[in-house]
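Please read the structure below before turning to the comments.
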Amino acid sequence: MDQARTTISKIFNGEPRSYTRFNLTQNMEGDNSQVEMKLSSDMDEEVGGNGVGEHMNHHPRPAYTSKPNQRSPRSICFMGIGILLLFIIGYLVGYLSHRRTDRAAPSCAEALSSDDSDGSAPIQTVPSLGWKDITALFKDKLSTANIESSLSEFSIADHQAGSAGDEALANKLMRKFRDYNMNPWTDEHFVRVQDPPSSGSNKITFRDQSFSESGFLSYSGTGSVQGTLLYAYYGQMDDLRRLQDLTIDFNGKVLLVRAGKISFAEKVANAAAVNASAVLIYPDPADYSIGEGTDLYGHVHLGCGDPYTPGFPSFNNTQFPPAQSSGLPTIPAQTIRPSTAGRDPPRGWGNGGLQKYKLGGDDDLVTVEVNNVLTEKKIHNVFGVIKGLVDADRYVVIGAQRDAWGPGYAKSTVGTSLLVEIARSISEMISKNGFKPRRSIVFASWSAGEYGAVGATEWLEGYLSSLNMKAFSYISLDGVVTGPTFKASASPLMYDVIQSTLKEYYRTLIILMIFCNRMEPMTLSDTAYPFQAFTGIPSVSIRFTSYPFFGTMLDTKQNLDIKVSYSLSALVKTAGEIAGQMALRLVHDHLIRLNVEKYTSILRSNVALINREVIGLQSGRVPKTLKMQWLMSALGSYSRASRKLTSNIQNSDLGDFEQCRIINNQIMGVERDLLSPYVSPQISPFRHILLGSGSHTLGGLRAHLTAIKEGSASADLDLLKNQFALTTWTIQSCANALAGSVWEMDNEI
């Protein structure tokens, strides 16, 4: 063996030093590169001096040629034995290394190792709890007994935003989150809200009879106005057009409208658009079985958040210049009792629940006096977090409104209690059962929700630049149980996760599958709307609904129990299981379960409607140079990019952490990239081109085409061309981002 080692040493370390030159022709770059292979025993000369940098800059020495050594047969034999031994040792080392690699194959479930330079920190992995184990654990933890306890604990009579009751609930939540090791924190805002007059009341005077109304609409125009009363059904634009067809003039009229169909804010905005002087809103007995003496409460800001800090947060608004939301109405608005409302409506509108309606005559004068006062309040949002093991900086947010005008049992108490119970259940799964989510879950309790999601919107405005990069879903628990009928409104990206959750939970109840296929559109009155349309975070609101007492002092536990046939805790548990399982699915899977192809069909249907309008107008009103080619091209780009990403997902290696991260980033960006970058959040906060509102949306583009068709004074061909260009590039930009790296983009446009 000594002779063998000596012979091998001579082969690799023999004197003199040996150089061998050879060429690699026709390499990948297409040139004739020369490669020098150098065999040397003096490693100090190769890496001596100051290290790698010097080695790379080492000047080449002339090549020496060596004469072949004369080898004896015995030397050749020992040389062969040595080479064989080296081969066997190398094979064994490679085999053992390969086995270790197989046993410890990396996956998306593995956490990144510690940044410590010594590399001593172990790599943590997500425990191998199967999905069935996770859902079974969660259902077991979320018990009706605990839900009933929380409902009792968080039910108080007075918890209007900024009140002592609201602050007491916030402190309770802080303690709960701290007990669950959720690192709680608060978010403080100074907001301006409009409350009822501190002394006296708002008044309605009709035919010399005065009515004092306890209900009110926050952010109404104030003052006293007089006009002819005109019944306008629900106050929708279609209702107003029908009255216009009857040659009725709206100027100076006070519109009497029924509650329902659309939000209070939309009713008032529609009335202002036709030059009405004021709006009275009442709950018709045909729609609301709440008694004729019941007052209604709400707000009429056509937007979300503090309207006096539009587009920016109310952390301390003394540092900001005076500003005002474009969604604030200038005309007075007031709710009235059904007993105050009281001629037959136009045919087709029905008789409703009242014997008479005031369609309006020249002698039907009404005076509306609104004396609401503007006040500043300090509010607190409360948060807790369950951190993920792999992607801790990516999170789903679960939120619920904490405040209410009155008892607000269904409006806020149920959602707040369920928020706490979902947090407790998942925390226990982690501390007692070893569950580790890949991504994080943030639990949020909002204040000032009754004024138009003020607390939530101010938080979004304060952290917009980070939230729309990190938060990938929002689940709203507001009004989560108000009846026996399941409904949901959501981003199309979330349809699949909702459907899969319901199919999994209600395998035998086909009726709920039908409800799932009839998803409701998300509207301005939905508390999840600012997350969706302002921030670009895919959102969902789930609820068991059919409840008339929202916005009244009758929203009590007793009335809710009657409405749900005294099965409240069971329904709350069911709602909690659905919401919780959606959240767990979103933070558990390697790839975030949001389906980017869902927007393809929605974009296609909108583009088809626009194309039909353009074709109809090209006969004269619209120049033939206005073509649909580029908008259709952008649609095609999105369709191809979404299909490609779906294919990449199906063929992805879930063991490739970096690939999972890249795909998830692409998925997370879709909703955000559908926000128009060409409008100001301060002027047009709901920038989503499909779900938002304004001229930048596809709906706004269709409305402008309709205005041109009708010869409206607001029609502007140059503005229309601008709308086409900006809408087209918003879709194309979204497609480009979805395609991946810049070298993969479809840039034919």
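Some points to look at:
- Cα gyration tensor shape for the stretch 539-674, rounded if a/c is under 1.5, else prolate or oblate: oblate
- Solvent-accessible surface of the stretch 596-739, taken per residue with a 1.4 Å probe and all protein chains present: 46 Å².
- Note on Ala703 and Ser567: the model spin-label points, each 7 Å out from Cα along the C-beta direction, lie 4.2 nm apart.
- Surface composition of the stretch 596-739: carbon plus sulfur atoms contribute 53% of the solvent-accessible area (1.4 Å probe, protein chains only, all chains present).
- Accessible surface of the stretch 178-286 [probe 1.4 Å, protein heavy atoms]: carbon and sulfur percent: 41 percent
- Placing pseudo-labels 7 Å out from each Cα toward the beta carbon at Gln209 and Ala136 gives an inter-label distance of 6.7 nm.
- Annotation: peptides 409-421, 489-501, 459-471, ranked by per-residue average of other Cβ atoms within 10 Å with the highest first, follow the order 409-421, 489-501, 459-471.
- Ranked by how many other beta carbons lie within 10 Å on average, peptides 600-607, 258-265, 290-297 from highest: 258-265, 290-297, 600-607
- Long pairs among Lys253/Lys563; Lys141/Lys377; Lys470/Lys627; Lys432/Lys573; Lys176/Lys432; Lys172/Lys387, criterion Cα-Cα beyond 29 Å: Lys253/Lys563; Lys141/Lys377; Lys470/Lys627
- Solvent-accessible area of Phe206 with every protein chain in place, 1.4 Å probe, in Å² to the nearest 10: 40 Å²
- Cβ charges +1 (Lys, Arg) and -1 (Asp, Glu), total dipole of the stretch 596-739, debye: 440 debye
- Remark: relative contact order (the stretch 596-739) = 33 percent; criterion is Cα-Cα distance under 8 angstrom and separation of 6 or more residues.
- For the stretch 439-582, the carbon plus sulfur part of the accessible surface works out to 57%, probe radius 1.4 Å.
- Environment charge of Phe312, counting only residues whose C-beta is closer than 11 Å and scoring Lys/Arg +1, Asp/Glu -1: -3
The values are calculated or read from the model by the stated rules, or taken from the named source; none is laboratory data. Here the structure is a predicted model, which is why all the values come from computation and not from measurement. Heads up, the Cβs are rebuilt from the backbone with ideal geometry, glycines too, and the neighbour counts pull from every protein chain shown. Keep in mind that these areas ignore ligands, DNA and RNA; they rest on the heavy atoms of the full protein, side chains included. Shrake-Rupley method; radii C 1.70, N 1.55, O 1.52, S 1.80 Å.
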